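One structure below.
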Amino acid sequence: TSTSTSTSTIFTATKLHEEYGSSASFALQIAAYWSAILHLLLAITGTFILKRFSTAFTVGFFLGVAVVVSQQDLLLFASFYHYQHGNLMFNLIFADLALALCILLTFFSLILGHFRHHIIVK
């Protein structure tokens, strides 16, 4: 799930930059690339932790990072929903994507937290 969300974030960021260039605000471009990098790192780290290195510490660490990234997405949604600089449609699209990622990561964190005892290898 994290891989598809990071791919969609990267795709959105690159499409905004390729098609419209500088009509998106500089703040939106930085936020989009930063968010894409964090989601990609979360997907890579999560895949490694859940498949190869499932100790109590690493699963807890991954769960904490997933919650922090989810909260970052919520802050990005709140920041760009009514942001007036740059193209307003780009800001709204990015805000909606950030909200969708926040909901997805929150749901994933709840499921991971609930079933962590089945994942942890002793």
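The values are calculated or read from the model by the stated rules, or taken from the named source; none is laboratory data. Remember, it's a predicted structure, so these values are computed and weren't measured experimentally. With ideal geometry, Cβ positions are generated from the backbone for all residues, glycine too; neighbour counts draw on all protein chains shown. Only protein heavy atoms, including side chains, enter the accessible area calculation; ligands, DNA and RNA are left aside. Shrake-Rupley method; radii C 1.70, N 1.55, O 1.52, S 1.80 Å.
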Subtracting the Cα-Cα distance of S8 and I44 from 0.36 nm times their residue separation yields 11.5 nm
FRET efficiency (A100, Y33; Cβ distance; R0 25 Å; to 0.05) is 0.85
From the Cα centre of the range 108-122 to that of the range 73-98, the distance in Å is 32 Å
Heavy-atom accessible area of the range 29-121 with neighbours in place, 1.4 angstrom probe: carbon+sulfur share in percent works out to 76 percent
Counting only protein heavy atoms and leaving out ligands, DNA and RNA, the solvent-accessible surface of S25 at a 1.4 Å probe, in Å² to the nearest 10, equals 10 Å²
Scoring the range 62-122 by relative contact order with C-alpha pairs under 8 Å, at least six apart, yields a percentage of 42 percent
With a ≥ b ≥ c from the Cα gyration tensor eigenvalues, square-rooted, and the rule rounded for a/c under 1.5, otherwise prolate when a/b > b/c and oblate otherwise, the range 61-122 is prolate
